[in-house]
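Input: a single structure, listed below in structure tokens.
The values are calculated or read from the model by the stated rules, or taken from the named source; none is laboratory data. No experiment lies behind these values; they were computed from the predicted model shown. FYI the Cβ positions are ideal-geometry reconstructions off the backbone, even for glycines, and counts take in every protein chain you see. Each accessible area value is taken on the protein alone, full model and side chains, heavy atoms only, with ligands, DNA and RNA left out. Shrake-Rupley method; radii C 1.70, N 1.55, O 1.52, S 1.80 Å.
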Amino acid sequence: MEKDGSQDIAAEIFAQEDPIFRNKSLVEVEHVPSPERIVGRDDEIRALSTELRSAVNGDSPENVILYGETGTGKSLVAKHVAKAAKSNAGDVRIGTVYVDCSTDDTETQAISSIARTLNDEAVTDIRVPETGLAKAAYYTRLYAILDQQYDVVITILDEADMHPDDQILMSLSRAVETGKTDCRIGLIAISNKVRWAEDLNDRVKSSLQPRELNFHSYDANQLRAILSHRRDAFREGVLSDDVIPLCAAYAAQDHGDARQAIDVLRNAGMLAQRDGSDVVTRDHVEDAKMEAEKDRFRDLIGGLTVQKKLVLSAVTALHKGTDDDEFSMAQIIETYTKLCEATGTSTRSDRRVRDFVRRLAFLDILELRKQNLGRAGGITIYARLQPDHDLDIVHQTAMDDEQFVVTDSEAENASLDSF
DNA sequence: CCTCCACCGGAAAAGATGGATC
DNA sequence: GATCCATCTTTTCCGGTGGAGG
């Protein structure tokens with residue numbers, strides 16, 4: 001390879017004007033639109049602002065639970081309103097924190113994250129390490145920070161249902177009454193499970209006394225408006241007329257997920273770019289939607305641990321090696337054990353494998369059926385691959401890992417021997 | 001109708017990991 | 001370097017389940 005030549009090629013490509021995108025960041029996931037571009041959520045913004053109103057006077061804001069499907073603007077509205085509260089606060093020192101509970105999915109991690117976001121080390125002279133402290137130590141430091149820096153803090157807990165227990169809600173909502181801090185704390189808990197708010201146990205509910213706010217899904221018109229606001233991401237004339245309505249329609253069919261609509265729009269643009277086309281067409285949108293679904297699934301399987309992949313491989317091997325279309329737990333475990341031997345991987349206990357199978361079912365990769373065989377076998381779980389997944393794709397993806405490679409013949413042997 | 005088998009799945013304990021602190 | 005802490009993974013233990021077979 002000639003160095004000069006390849007450098008020229010690279011330089012040439014970098015120097016080219018992007019034929020499709022003018023400002024791609026507008027269709028990136030993280031992009032937060034400016035307030036006037038938030039579409040169709042006026043009622044929600046008004047309602048949430050009302051609940052938080054007392055914050056700007058230095059009094060306790062109400063605690064609020066926001067729920068609704070993914071991509072209905074819950075986080076967006078929460079962030080927007082919190083920010084607005086802060087900038088309209090006058091002399092009151094308002095702090096705002098945003099915690100993504102799917103990342104910080106334990107109480108300690110969340111508290112640590114909150115403390116580190118709010119902390120200005122120059123002011124408080126308090127250090128907050130990421131991990132390693134006892135839970136109580138994080139709380140102590142957090143309260144010290146609150147007292148020194150803030151009158152009111154608005155805490156947004158996104159994906160709050162990801163926390164196994166709701167201790168964090170309890171602790172934070174009761175911090176003032178138990179005398180831990182003088183700082184007022186307003187919680188905004190966001191969940192996309194409607195039932196979550198109902199399931200909150202009574203103790204939590206009575207100390208939170210939350211207001212509930214339901215975010216309904218976007219309809220096709222609103223989605224179209226949302227996407228239209230972002231069409232500046234593309235160059236003039238690049239989007240043919242039916243592209244935005246089509247993206248909107250796809251997302252509306254699902255459950256009105258704005259994020260999904262934007263993703264499809266972006267990917268359609270990127271596909272057009274790859275084709276060397278200078279317009280985004282209907283076909284690009286359709287391909288983008290297909291790609292998005294496949295990628296999501298490939299990522300899902302690719303992200304599984306070695307052990308889970310082996311269990312999944314066992315199921316796909318059974319599908320390929322036999323005529324049956326569902327398999328008992330005993331069969332799966334036996335095949336799994338053989339695959340482990342073939343690949344030199346250590347096996348896990350049966351109980352553990354049962355967990356893996358259930359986990360795969362939870363991810364909608366496997367489908368389970370429970371049957372009681374009476375004295376002949378007691379309760380037995382039967383599993384099979386979700387019918388709408390392509391067996392070959394799953395099989396190949398599952399058997400390919402840096403840690404091990406299962407050859408087809410090994411898989412076949414393992415599945416055949418299990419009778 | 002009643003029993004009883006063998007698997008399921010909850011709970012607790014044990015191990016492993018990674019970081020902070022003194 | 002020893003000790004503590006939180007969390008994740010895995011194992012061990014065991015009571016519950018519910019229909020086939022008596």
*Single residue of region A:353-364 satisfying the filter (closer than 22 Å to A:ASP392 by Cβ and at pLDDT below 90) that is farthest from DNA strand C (Cβ to nearest atom)*: A:ASP364
*Using the structure shown, decide if A:THR316 is in a helix (DSSP H, G or I) and free of Cβ contacts under 8 Å to residues at least 24 places away in the same chain.*
no
*Looking only at region A:339-364, which residues are on the phi > 0 side of the Ramachandran plot and either within 9 Å of DNA strand B (Cβ to nearest atom) or without any contact (Cβ under 8 Å) to a residue 12 or more places away in the chain (or both)?*
none
*Out of the residues in region A:101-141 that are closer than 15 Å to A:MET170 by Cα and open to solvent by less than 30 Å² (accessible area, probe 1.4 Å), state the one that is farthest from DNA strand B (Cβ to nearest atom).*
A:ALA110
*Of the numbered conditions (1) farther than 30 Å from A:GLY344 by Cβ; (2) hydrophobic (A, V, I, L, M, F, W, C); (3) modelled with pLDDT of 85 or more, A:VAL238 fails exactly one; give the number of that condition.*
(3)
*Within region A:374-385, how many residues turn out to be open to solvent by less than 60 Å² (accessible area, probe 1.4 Å) and outside any strand (DSSP E or B)?*
3
_Condition first: closer than 19 Å to A:ASP104 by Cβ and modelled with pLDDT of 85 or more. Now tell me which residues in region A:174-185 satisfy that._
A:ILE185
_Tally of residues being at pLDDT 80 or above and either open to solvent by 60 Å² or more (accessible area, probe 1.4 Å) or assigned by TED's automatic domain parsing to the domain that holds A:LYS74 (or both) across region A:1-14_ = 3
*Out of curiosity, is A:ILE145 within 16 Å of DNA strand B (Cβ to nearest atom), crowded, with 18+ Cβ neighbours inside 10 Å and either of a type in the set (A, V, I, L, M) or free of Cβ contacts under 8 Å to residues at least 12 places away in the same chain (or both)?*
yes
_So, A:SER75, is that one of a type in the set (S, T, N, Q) and surrounded by 22 or more Cβ atoms within 10 Å (Cβ to Cβ) or not?_
no
*Given A:ASP158, A:ASP151, which one is open to solvent by less than 70 Å² (accessible area, probe 1.4 Å) and modelled with pLDDT of 90 or more?*
A:ASP151
*asked:* If I go through region A:337-352 residue by residue, how many of them are closer than 17 Å to A:LEU304 by Cβ and more than 8 Å from DNA strand C (Cβ to nearest atom)?
replied: 4
*asked:* Being of a type in the set (Lys, Arg) and within 14 Å of DNA strand C (Cβ to nearest atom) is true for just one of A:ARG375, A:ARG384. Which residue is that?
replied: A:ARG375
*asked:* Can you confirm whether A:GLU367 is within 16 Å of DNA strand B (Cβ to nearest atom), open to solvent by 50 Å² or more (accessible area, probe 1.4 Å) and over 19 Å from A:LEU304 (Cβ atoms)?
replied: no
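Condition check ((1) at pLDDT below 90; (2) over 23 Å from the mean Cα position of the chain (by Cα)) across all residues:
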| position | (1), (2) |
| --- | --- |
| A:VAL279 | yes, yes |
| A:ASP283 | no, yes |
| A:ASP295 | yes, no |
| A:ARG298 | yes, no |
| A:ILE301 | yes, no |
| A:LEU318 | no, yes |
| A:THR322 | yes, yes |
| A:PHE327 | no, yes |
_Subset tally (residues that are modelled with pLDDT of 80 or more and open to solvent by 80 Å² or more (accessible area, probe 1.4 Å)) for region A:16-49_ = 4
*asked:* Among the residues that make up region A:119-127, is at least one of them away from DNA strand C (no atom under 16 Å from the Cβ), outside any helix (DSSP H, G or I) and at positive phi?
replied: yes
